[in-house]
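Report on one structure; see the data block that follows.
Just so you know, all these numbers are worked out from the coordinates, no wet-lab data involved. Values in this document were obtained by computation on a predicted structure and should not be read as measured data. Methodologically, a virtual Cβ is constructed for each residue, glycine included, from the backbone with ideal geometry; neighbour enumeration extends over all protein chains shown.
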Amino acid sequence: MNDSATSVRDTVASLVAFTLLACVMMWQQVWHIGDSAVPHQDTYFNMWRLHWIAHALATSPTSIFNANIFYPEPRTLLFSDAMLVQGITAAPMIWFGIRPVLVQNIMLLGAIVVSATTMFALVHSLTRSRGAAILAGTIFAFAPYRFEHIMHMELQWTMWVPLAFLALHRTFNNYRVRDGLMCGGAVALQMLSSVYYGIFLATLIAIGSLLLLIGKPWTTNRRAMIPLAAGAVLALALTGAYARPYLHARDRVGERPVDEIQAFAARPADYLVVPHTNWLYGRWQTRGEMERRLFPGAIALLLATVALLLRSPSRVIVVYLLVGVAAFEASLGLRGYSYSLLYEYLSPFRALRAPARLGIFVVFSLAVLAGFGYSWLTSALRARFRLILLALLLTAVLAEYFTTVTLASYPNEPPPVYKLLASQPPGVVAEFPAPMLNVRPGQDPKRGLPGADPKYAYLSIFHWKPLINGYSGFYPASYIRRLQDLRRFPDPFSLRVLRRADVRYVVIHEAGYGEDREAYEQILMTLNEAEGVRSLGPFSDGEGTATVYVLE
């Protein structure tokens, strides 16, 4: 059997193996794959984005960025990561009629499995050890970082990172233009899957390229220049075209405040923190902020240390060590040196809120080094003993990574109130209660967000009418002003505000007012008596009664 056929066989076998491991490590999600997911506003956001892209591709592909939230703002899909690759991948499933929650879970869990498989391909290419590749793929796929971000679909789509580095190594080995183009294409696909990771990967792949060039004869490096340049041109062309609409969107919503970047930057101690529901370490966890639980695992660190200390490190090992160190230092954000420089001189970094998300690149580098460490430890062992050691190490890795995930059910079918909206003539929808902003002097008014807006946005997939509500990474100033104008809804001024915004349908959700029954009934009474307001009646919204009004 030739090397190509063997490689395909190994890749398929690893895909099956990692699928089985995912069923073990994430058994709750797999068991409820068709109806439940993590209870978080970003789960609603994931499903809405996937369905909006499928809807736009089927109806008006040129308007794909003009999503139906934050009406009448244009290009609202660009207020956060658009997830174009995920949306295009999921579109056939959505068109075929697969249920929204099942699509979301397939896309999220599938990304983890495929990321492990591409890591297998990279480490197997570097070490020629299947055991090392399986171990590296397991570390990359199931490290605590994954569970910390289990609600963020775009942050699970990391399969392009190992592929980019694999193509980079092939470029230096074979000096072929096609390998350089594959490297650039992988960087571009990572950008189209996750803007955060695309920017981080482009930076780190450049560092890796420079490190591989250092110390080699000029004649050798010159042969690599043309493939590398071809890949860079391809990546710049694709990401540049994608970046243009983002730049226009940034002009409307601004850049990330420094205090946000500080809050979501890592501290060195965060690399010792795991999610609270981690089976092994979580019971002793006494600290850890959201998105800053970055422990890569004791086994990964131990095996990486073996690679560094118990052998004469090769150039490749040094490259991944320095890439990992660069990712670690940059994850400290403005507390460190490199991110401060990048923030100052490269505008894309000023749009990123969470430098701590570079933690996945620390895991990536450690996983590669751990593969080398395992390969060294087993180089003199017989096959039977290598298999035993691999089984023991995999068991230890999975045991320290195992994390319980809380689930909640999500609607797969439109509740009656949204069936009604789907049957009505075109018009803009406003849903209440809207988020309540802080109005105290000196406080950030956005602290009251997002309210129920993520759910409203998701449920709009069943009618696709424009919403004045919305949820995203950035909020347009027009939306904040409108929420402030609607604080006393449904007084006459707020009704005029809604009419000026072309709102035709107003939906009042009883469940949203909780125990404040008096406020809910007062709103209905006021609307029932208001001039030019017609009730379409009460309908179930899946949690209680929702009353729909038409502004005439």
- Query: Across the chain, how many lysine pairs separated by 8 or more positions, or lying on different chains, have Cα atoms within less than 21 Å?
  - Reply: 4
- Which FRET efficiency, nearest 0.05, do ARG488 and VAL233 yield, Cβ-Cβ r, R0 56 Å? 0.50
- Among THR117, THR277, THR59, what is the fewest-to-most ranking by other Cβ atoms within 10 Å? THR59, THR277, THR117
- Here, trypsin sites (Lys or Arg not before Pro) of segment 471-552 satisfying both criteria (DSSP loop; at most 11 other Cβ within 10 Å) are ARG488
- Note on the structure: For the chain, longest principal axis from Cα atoms; helix 41-59 axis from its Cα atoms; angle between them, nearest 10 degrees, is 80 degrees
- Message: Let me test this: with uniform point scatterers at the alpha carbons of segment 415-551, what is the Debye-based log₁₀ I(q)/I(0) at q = 0.15, 0.20, 0.21 1/Å?
- Response: -0.71, -1.34, -1.48
- Query: What distance in nm separates the simple spin-label points at ALA298 and MET525, each placed 7 Å from Cα in the Cβ direction?
  - Reply: 6.4 nm
- May I ask you to derive the FRET efficiency for ARG178 and MET436 from their Cβ-Cβ distance with R0 = 56 Å, giving the value to the nearest 0.05? 0.50
- Item | Angle in degrees between helix 195-213 and the longest Cα principal axis of the chain, rounded to the nearest 10 | 20 degrees
- Task: Enter the angle in degrees (range 0 to 90, nearest 10) between the Cα long axis of helix 315-331 and the first principal axis of the Cα atoms of the chain, meaning the one along which they spread out most.
- Result: 30 degrees
- If you add up the charges near ARG256, with Lys and Arg at +1 and Asp and Glu at -1, over every other residue whose beta carbon is less than 11 angstrom from its beta carbon, what do you get? 0
- Task: Please report, largest first and rounded to whole Å, the three semi-axes of the ellipsoid equivalent to the chain, where each semi-axis is the square root of five times an eigenvalue of the C-alpha gyration tensor.
- Result: 46, 25, 22
- segment 205-359: translational diffusion in µm²/s, Stokes-Einstein, Kirkwood Rh over Cα pairs, 25 °C, 0.890 mPa s: 133 µm²/s
- Task: Can you tell me how much longer the chain between MET225 and GLU515 gets when fully stretched, taken as 0.36 nm per residue apart minus their C-alpha distance, in nm with one decimal?
- Result: 97.7 nm
- Query: Please identify the trypsin sites (Lys or Arg not before Pro) of segment 331-386 that satisfy two criteria: DSSP loop assignment and at most 16 other Cβ atoms within 10 Å. Which are they?
  - Reply: ARG382
- Gyration tensor verdict on segment 513-552 (Cα atoms; rounded if a/c is under 1.5, prolate if a/b is larger than b/c, oblate otherwise): oblate
- Item | DSSP loop chymotrypsin sites (Phe, Trp or Tyr not before Pro) with at most 14 other Cβ within 10 Å: longest gap in the chain | 1-278
- Note on the structure: A chain fully extended from TYR337 to ARG244 at 0.36 nm per residue, minus the present Cα-Cα distance, gains in nm 30.7 nm
- Item | Counting all C-alpha pairs of segment 240-302, share separated by more than 20 Å (%) | 49 percent
- Message: Explain nothing, just the number: dipole magnitude of the chain about its Cα centre with +1 on each Lys and Arg Cβ and -1 on each Asp and Glu Cβ, in debye rounded to the nearest 20.
- Response: 2100 debye
